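*Asks:* Following this message is one structure expressed as structure tokens.
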Amino acid sequence: MTLNAYETTNHFVDRGLEALHLDQRYRTLLLTPAREVRVELPILLDDGSLANFIGYRVQHDNSRGPFKGGLRYHPTVEIDEVRSLASLMTWKTAVIGIPFGGAKGGIQCDPATLSPRELQRLTRRFVDAIGTVIGPQVDIPAPDVNTNAQVMSWIFDQYSRRFGFAPAVVTGKPLNLHGSAGRDAATGRGCLVTIRQVLAAEGKHLVGQRFAIQGFGNVGSWLARLLVQEGAKVVAVSDVHGGLFSGDGIDIEKLMHHVTATRAVVGFEGAHPITNDELLATPCDVLVPAALGHVIDQTTARTVHARYVLEAANSPCTMEGDAVLSERGIMCVPDILANAGGVTASYFEWTQNIQQHAWTESRVNHELERYMVAAHNEVEQTRREFRCSLRTAAFVVAIRRVKEATDARGFD
């Protein structure tokens, strides 16, 4: 039986709960979302017609701090996906050790079919609909799939019109509107630090390691650039249109110029064309799913030819896919650890907004590395202690921290 996204996440959480021998009351407390919001979003399109969209915000847990999580605009957004992602944010903020809880939201729409004015109307209508349940000390959204700094700017502006100046209501803003230096690269940089530490724990180095990256958006492209700077080779990349392979390594700088000009990796002359499925089966040392979730299932997991899978995307492995990777001896570096650099940098941006003081990019990068290294060390120590997978170890670390906060606050 194939589980949906929410059931898959709960399955991984259950493994952590079982490892800690927690009773049923904690399963209820730690799995049940605190609040779920579904809103209708009617807007006038540029041609004068009316369109209606569905928006969601799921606030999973705030025992350790305000709810925190991104907003995605995608046709497939639905409640179980949002529940899953909100739960993952709870565990991600806990494993990385920042004082937030977990939330997620999105609008069921295809932004490619909307003009910039229509997208702005939709965003502002969404803020009006959920404005009373978000805020700098309540719930802080951020960018996710198909949202960016411009969308965050609209959210900040619309919220501030109603509730007063509040840049800390949202993170991922542009630098000229109270954003943070280093935020764009943070998720990719966090992935780099994490895989570097994973390799080091096994006596290996980044230099010469071969990477295949599915998804060449913000996260994948930054990770590729940073990997090459560290002496690794990126032998395959892909986006929604298709992929590329070069056994000698792709010239990432030239590819970036190509993508800037064409908005796609396909057509690049420095590598051979491949499909996204072929990328997942590319012989490499580290496979990096950096696009949408559930791309590695029971079938595709059997085609993976990598020693490590680095989950740069959220929930890229199904329960069955994760089991197959484990059976085959492929180490999976879980999303709640691997891609936590983004929310960590968001914490830094929120902190700067609260303090009304800007950090330098070098300070952001230094603090990001410190958090990522500490989180990996804790997870690796837990993996050895419990003799379990990295994924289960990460959930054990996170669940323990959320449980301790829940106990301290009391729930009688």
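The values are calculated or read from the model by the stated rules, or taken from the named source; none is laboratory data. Keep in mind that what you see is a predicted model, and the values were worked out from it rather than measured. No Cβ is skipped: glycine too gets one built from the backbone with ideal geometry, and neighbour counts run over all protein chains shown. Keep in mind that these areas ignore ligands, DNA and RNA; they rest on the heavy atoms of the full protein, side chains included. Shrake-Rupley method; radii C 1.70, N 1.55, O 1.52, S 1.80 Å.
*Asks:* What does the extension gain come out to for residue 3 and residue 24, with contour length at 0.36 nm per residue minus their alpha carbon separation? Kindly include the intermediate steps, with their values, before the conclusion.
*Replies:* Values: separation 21, 0.36 × 21 = 7.56 nm, distance 2.13 nm.
Result: 5.4 nm gained on full extension.
*Asks:* Report the calculated FRET efficiency for residue 275 and residue 138 (r = Cβ-Cβ distance, R0 = 60 Å), to the nearest 0.05.
*Replies:* Numbers: r = 44 Å, r/R0 = 0.73.
Once the sixth-power term is evaluated, E becomes 0.85.
*Asks:* Of all DSSP beta bridges located in the range 67-203, what percent are antiparallel, nearest 5?
*Replies:* On the way: 1 of 10 bridges.
If I count the DSSP bridges inside the range 67-203, around 10 percent turn out antiparallel.
*Asks:* So, one more: What value in Å³ per residue do you get for the convex hull of the alpha-carbon atoms in the chain?
*Replies:* Numbers: hull volume 58.6 nm³, N = 412.
Convex hull volume per residue, Cα atoms: 142 Å³.
*Asks:* Quick one: Karplus J couplings for the range 315-328, per residue in order, coefficients 6.51, -1.76, 1.60, θ = phi - 60°, nearest Hz, x for Gly and Pro?
*Replies:* 6, x, 9, 6, 4, 5, x, 4, 5, 5, 4, 5, 4, 8
*Asks:* Lysines near residue 104 by alpha-carbon distance under 19 Å, same-chain residues fewer than 8 away left out - which ones?
*Replies:* 68, 92, 173
*Asks:* While we're here: If amide hydrogens are placed 1.01 Å from N in the peptide plane, which non-local residues have theirs closer than 5 Å to the one on residue 333?
*Replies:* Placed amide hydrogens put 309, 310, 311 under 5 Å from residue 333.
*Asks:* For the chain, modelled as a Gaussian network with Cα springs under 10 Å, which listed residue fluctuates most, 150, 229, 298?
*Replies:* Highest fluctuation of the listed residues: 229.
*Asks:* Also, quick follow-up: Using amide H atoms built 1.01 Å from N in the peptide plane, name the residues 5+ places from residue 74, or on other chains, whose amide H lies under 5 Å from its own.
*Replies:* Those qualifying (amide H under 5 Å, at least 5 residues apart or on another chain) are 107, 109.
*Asks:* Round to a whole number: what % of the accessible area of the chain belongs to carbon and sulfur, probe 1.4 Å? Could the numbers behind the result be given before it?
*Replies:* Working: 8360 of 16880 Å².
Reported share for carbon and sulfur atoms: 50 percent.
*Asks:* Consider a paramagnetic label point 7 Å from the Cα of residue 240 along Cα→Cβ; state which residues of the range 95-136 have an amide N under 13 Å from it.
*Replies:* Only 109-114 fall inside the zone, counting backbone N under 13 Å.
*Asks:* Label point 7 Å out from residue 362 along Cα-to-Cβ: which residues of the range 177-219 have amide N under 16 Å?
*Replies:* Answer for this model: 181-182.
*Asks:* Separate question: Apply the a/c threshold of 1.5 to the C-alpha gyration tensor of the range 263-412 and tell me whether it is rounded, prolate or oblate.
*Replies:* oblate
*Asks:* Of the residues 226, 199, 279, which exhibits the maximal mean-square fluctuation in a Gaussian network model of the chain defined by a 10 Å Cα contact cut-off?
*Replies:* Result for the chain, Cα springs under 10 Å: 199 fluctuates most.
*Asks:* Next question, about the same structure. Would you mind getting the accessible area per residue of the chain, heavy atoms of the protein chains only, 1.4 Å probe, in Å²? Before the final figure, lay out the partial values.
*Replies:* Values: 16880 Å² over 412 residues.
Accessible area per residue, the chain: 41 Å².
*Asks:* Still on this structure: First measure r as the distance between the Cβ atoms of residue 326 and residue 80, then evaluate 1/(1 + (r/R0)^6) with R0 = 25 Å and state the FRET efficiency to the nearest 0.05.
*Replies:* Details: r = 24 Å, r/R0 = 0.97.
FRET efficiency, residue 326 to residue 80: 0.55.
*Asks:* Go ahead and run the numbers for FRET between residue 385 and residue 35, Cβ-Cβ distance against an R0 of 45 Å, rounding to 0.05. Working shown, then result.
*Replies:* Numbers: r = 35 Å, r/R0 = 0.77.
FRET efficiency, residue 385 to residue 35: 0.85.
*Asks:* Give me, ordered by chain and number, the residues 5 or more places off residue 234 or on other chains with an amide H under 5 Å from its own placed amide H.
*Replies:* 211, 250
*Asks:* Filter the chymotrypsin sites (Phe, Trp or Tyr not before Pro) in the range 96-195 to those in DSSP coil with at most 14 other Cβ atoms within 10 Å of their Cβ, and list the result. Can you show the working numbers first?
*Replies:* Values: sites: 100, 126, 154, 156, 159, 163, 165; in loops: 100, 165.
Filter output for the range 96-195: 165.
*Asks:* How large is ³J(HN,Hα), in whole Hz, for each residue of the range 348-364 in order, when computed from phi with the Karplus curve 6.51 cos²θ - 1.76 cosθ + 1.60 and θ = phi - 60°, using x for Gly and Pro?
*Replies:* 5, 5, 4, 4, 4, 5, 5, 7, 6, 8, 8, 8, 7, 5, 5, 5, 4
*Asks:* What list of ³J(HN,Hα) values in whole Hz, one per residue of the range 183-197 in order, does the Karplus curve 6.51 cos²θ - 1.76 cosθ + 1.60 (θ = phi - 60°) give from phi, with Gly and Pro shown as x?
*Replies:* For the range 183-197, the Karplus curve yields 5, 4, 8, 5, 5, x, 5, x, 4, 4, 4, 5, 5, 4, 5 Hz.
*Asks:* Give the average over all directions of the projected area of the C-alpha convex hull of the range 1-158, one decimal, in nm².
*Replies:* Working: hull surface 41.0 nm².
That works out to 10.2 nm², a quarter of the Cα hull's surface.
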